[in-house]
Structure formats: structure tokens, C-alpha cells
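See structure below.
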Amino acid sequence: MRRLSLPVGASVVAILASAVTQGPARLGLAATSTGGCAATRAGLAFHGDGTVVRPQPSRAPVPCTTTTGFGGAETRVVVTSDGTVVYEPAILTPGVGGTAYAPGAPGPHPSTQLSPGGLATTRDLGTTWNLVKPAGQTWVPQDDQLYADRSTGRLYYYALSPDPVPGGGSVPLAGQLPAGYAHLMTSPDDGATWYHTSLPGFIESENPRFSSAPAPPGGPRPAAYSPHPTVAYWCGNNMLFAETYRSCYRSLDGGVSWTFASVLYSTPVPQHAECGTNGESFADLDPNYPQGASDGSLYTLVSCGATTFLARSTDEGASWPIMKNRATGGPLTVPADGELRVDPTGNLYLVNLSNTALVLRVSRDGGQTWSAPRNMTAPGVTGIVQWAMAERGSGEVAVSYLANTAGRSVLDGYVTVTVDGLASNPVFWGVMVNDPNTPLMATSPQPAREDFIGVDIGPDRTPWAGFYASCSSSDPDPACAGQSSDPLAAKAVAARIALPF
């Protein structure tokens, strides 16, 4: 039996923390996007049973699709409280010897998994995108994470490792050791200022996640770093490919320092007795991470083989007891393992991929009962390769998905959104974001480089989705320059869904 060892214990982990203010120079490179809104691809209205609304409403959402001008790969996208859109990654390609990271550098510029990356931001709805280097340097542009705290406006970013090493930014050299740390960063001002922590005890933690919530009653209070400070949370696996536990940390100062909270899952010995003799099911891409609620609690799914339980922490992530089913007295289960979200009034939203359908269920009573499943997949879609989910307000739900369409062997990008997800029979709008004549991908995504896509909903209720797309020999996008013979080359695609209501 393998013994579970905790990485740091309960001490505050800020030993390799640093702050850097980049000021206006943070923008560095700027790129002008290509594309725009396409009224001819207006969304199709349908119901959750797959029936198309007849007649169609006179006004429909339309996609406004751009590229960031930087290289792309598996992507995250978030919208901060002032409407700034942040896209990860913004991949740069090196010059001679892999040392020159500037536009116009001489020599070949192949895009590889070792190419450095940062973030791309826009404040003008995607007309221009600016490069941000978190903590003043570039990072490995795969398996990272973004999170925008809707209460404080803070931006959180996780990266595998600096790229290259040494990176030349504010991260101490001792904290740049590849595969030795989890790099947690936060910015209170959309990327102008960064605080960085090299959290020891992690070997390339893949696709971890952040969350946040107010302090629960009786819990330690966060520092007054904003008008509405929250407790921030980060959970991640201990290592890449051979994870044995997923641990969680909390921050009471907006991500400047982090404290160990608990082990969330472990294998082969589980953290939850309800799992019996088997460890909890978790890996590199599963969605079972905590979601903060407005009452200060945290919800998470606990998957044990074919059963998925609902757990709730009321002590800032120190413990994760599985909830009780009020009707039976037994442990509370949910209908499926999928993406879970909590709205400001405590309603729960669960989306999972069932065969070729993205299915939405809603609970108004803390997960005790759930609505009937509603299919969010646009009519005509025959298969979904990757997908992501976001919720905002009370009932606005969006999913992005990379999909096959009937009669097409290529992959297109879609967004489905509803603004009345709490209704008994909500209307969904399915929108193809790319021109049908220019699919996003002609072949399947490349494993370990194109494993996921992103979606978020801004404070103005506008959905934004992040995709990647193949480069062609005639592609005018700056990210594709000199990349026509490179199978790893991809451009970064951002799609805004303009809502008419």
C-alpha cells in the first residue's frame, strides 16, 4: 500500500513569492485580429428535447470571431469584471537558436511544444490583442489555467513552468526549476501587476483549477484587499500522468500567499469512506474541482467508479464531507459526472457529455433533486470532441464545443447559450463560430497540445469562447507566418456571441 505524504503540511506557502509591476510596458507585442461579426451565421433557437423553435425569433445571436495574432493551443478564456478578455495561451516562436522572442527575428520560427507563451488581452472586443507576460516572463503554454474572480476583479493564472529558464522576470531563480513547483500568479489590474508564488511539492500539475468564495460564518476572514474580498482556492494533482492525490490550498490575501487546506482525493486509499476500498477517480482532465458559493461554502463532485457523490465544504476547504440525501438519509449522489457550477442564489448547474449530447441539469435545492436533462447541442452536430461550460448570474449558461457536423468530416467550433436556464423549458441558441468554408480543424486535435477549449460569460452577459485552429499555407494570420509546413502550428481563435436580448 502506498503511503500518502502531504507536500507541505499546514504552513503558509509563500517562501518563493514575488511581486512585479509591469506598467504600460506589460503590453509588449500587439496584434490586430482578423475576422468580425457574421450576421449570415445567426444562431438557431431550439429546445432541450431537440425541437427547433418555429417560427424562429426575429432577432438572434451572431458570432463575432477573431484571432489574437499569436500562436494557439489548448486554451482558456476569461472575462474580468471590467470587461477585459484574457486568452491563454499567446504563443511566441523563437528566432535563431531559439533565443530571440521578438517579431521579425531572423531564422526559422517553428512552433513546438517548447515554444514560450504568455496571455493575450483585449479591451476593444477583439479588435486588438496585447501580449501580457505574467510575472514579467513567458511560460510553458500547455495545461495552464485562468480564473477571474467576479467579486474582486482579480485575475488568477497557473502555469507549469517558466519557458525559457532562466526567464528574466520576477520569479527567483530557485523557484524556476522545471517540474518542481506549481506556479500560482494573481493580478489585481488585468495584468499590469503580478504576484507570484512557486508552490513546492508538485511535479507538473496538469490542468488544476482556481475558485473563490466569501469567508463562511466563523471562518478566517480574508484581508481587506478589495471592497469585497474573497477567500481564493487552488487545487491540483501532485504530479503529471501518475497522480496519487489532489490537494487544495487557500489564500486570504488575494493570491499573494497560499496555505495548505486539505487533500481532496487520493488513490489507492480514498479520502471519502463512501468510495469503499477504491480511491476516488481523478486524472489530468476530469472536472471534479471545487466551486465557490455565495454563502462561503464549496461544492465538489466526488467520483468513485460509476457513482458520483456531491460534497460540500463549510470550513474553507479543510474537509469535504459528502452531503446527505434528505429523503433517504444516505450519501447524496448526482445524475452524472460533469462540470458543476453554482450561481449567486445557490442554484446548481451540471453539464455532462452523454454520447453526442451536452446535457444540462439544474438543481434549486442544493443538489437534492435535479431537473430533467436538456440537450444543449445544436441540431446537426453528430459528435463532440472537446467542450467547456460557463454560468453567470441566475440561469445564463454557455457551452463551447469542437464538433463534427452531419455531412462534414472536419471540425467546427460551436457555442450554445441560454439566458433562461432555470425555466421549465428554456430556449437554447446554437451558433457556429467559424465560416463553414474554413473549418477550425481538418483532422483530430493533437494530444498533449490541443486537449481542451474554453468559454466564459462576461459581466455584460456576453459569452466568449476560446478555440485553436490549424494554419494553412495561405493563411494571413500573423501566427501562421512561416508555419505552413509545421503540423504543430495553430492560431488562437476567440469568438464573441453578440446577444440581441
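Since every read-out is calculated from the coordinates, none of them should be taken as a lab result. This structure is a prediction, so every number in the text was calculated from the model and none was measured. Here the Cβ positions follow ideal geometry from the backbone for every residue, glycine too, while neighbour counts run over all protein chains shown.
Of note:
- Given [x] 24.7; [y] 22.8; [z] 26.3, the label whose value is mean projected area of the Cα convex hull in nm² derived from this model: [y]
- Take 47-56, 228-237 and order them by the average number of nearby Cβ atoms within 10 Å per residue, most first; the result is 228-237, 47-56.
- The phi torsions of the range 207-214, fed into the Karplus equation with coefficients 6.51, -1.76 and 1.60 and a -60° offset, translate into couplings of 6, x, 9, 9, 7, 7, 6, x Hz, rounded to whole numbers, with Gly and Pro shown as x.
- Here the Karplus relation 6.51 cos²θ - 1.76 cosθ + 1.60, evaluated at θ = phi - 60°, turns the backbone of the range 316-323 into coupling constants of 6, x, 6, 9, 9, x, 6, 5 Hz, with x for every Gly and Pro.
- Put a dot 7 Å past the Cα of residue 192, heading toward its Cβ, do the same for residue 472, and the two dots end up 4.2 nm apart.
- Taking label points 7 Å from Cα along the Cα-to-Cβ direction, residue 174 and residue 324 give a separation of 4.9 nm.
- Length added when fully stretched, residue 369-residue 49, from 0.36 nm per residue minus Cα-Cα: 113.2 nm
- Inter-part distance where the range 106-145 and the range 240-268 are each reduced to a Cα centre, Å: 27 Å
- Packing order of peptides 282-290, 415-423, highest average first: 415-423, 282-290 (average count of other Cβ atoms within 10 Å over each peptide's residues).
- Length-normalised contact order for the chain - Cα pairs under 8 Å, 6+ apart - percent: 17 percent
- Phi to ³J(HN,Hα) by Karplus 6.51 cos²θ - 1.76 cosθ + 1.60 over the range 67-72, Hz, x for Gly, Pro: 10, 7, x, 10, x, x
- Per residue, the average separation of C-alpha pairs within less than 8 Å and at least 6 apart gives the range 131-191 a relative contact order of 38 percent.
- With a Förster radius of 41 Å applied to the C-beta separation of residue 438 and residue 278, the computed FRET efficiency comes to 0.30.
- Database remark: amide H of residue 264 closer than 5 angstrom to the amide H of 246, 247, 248 (H placed geometrically; neighbours at sequence offset of 5 or more, or on other chains; Pro and chain starts carry no H).
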